[in-house]
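Here is the structure we will look at, set down as structure tokens.
Any read-out appearing in this document is the output of simple, stated calculations on the displayed coordinates, not a laboratory observation. Note that the structure is a prediction, hence the values are computed from the model and not measured. Methodologically, a virtual Cβ is constructed for each residue, glycine included, from the backbone with ideal geometry; neighbour enumeration extends over all protein chains shown.
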Amino acid sequence: MGAALALALGAGTGTAEPTEPLTVTRLPEAEGLLLTSESSATIGSPDRDTGAFSRAVSEAVRLQQQSAQSSCVSVPTARSSVAARWAWEARCRYKRY
């Protein structure tokens, strides 16, 4: 059994093909890729972008609240289904903070 193992190990090493050559690629310097104050002025300042995002979120919340208020104007009647009354209660009567 030891001879078979030695033969199997020896057979694989003698016929190995050459490996691929190692290719080294130089990457650009990281310092040149940083944004400068001149290039960031054309992209937009973080404060201005944050303010615009905050205004957009506030406007979306205001529109959502207006939509909820307008849908709560009509109260379901006694002839409404139980599911419709429960949905109105959940949407209009209970406030979520």
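Cβ neighbours within 10 Å, averaged per peptide: list 49-55, 83-89, 18-24 in order, most packed at the top.
Details: 49-55: 10.4, 83-89: 12.3, 18-24: 5.4.
Highest mean packing first, the order is 83-89, 49-55, 18-24.
In terms of surrounding Cβ atoms within a 10 Å radius of their Cβ, R79, R48, R91 rank from fewest to most as R79, R48, R91. Farthest towards the positive end of the charge dipole of the range 47-97, among the residues S67, S81, C92, is the Cα of S81, using unit charges on the Cβ of Lys, Arg, Asp and Glu. Kirkwood radius for the range 47-97, taken over all pairs of different Cα atoms as the inverse mean of 1/r, rounds to 13.0 Å.
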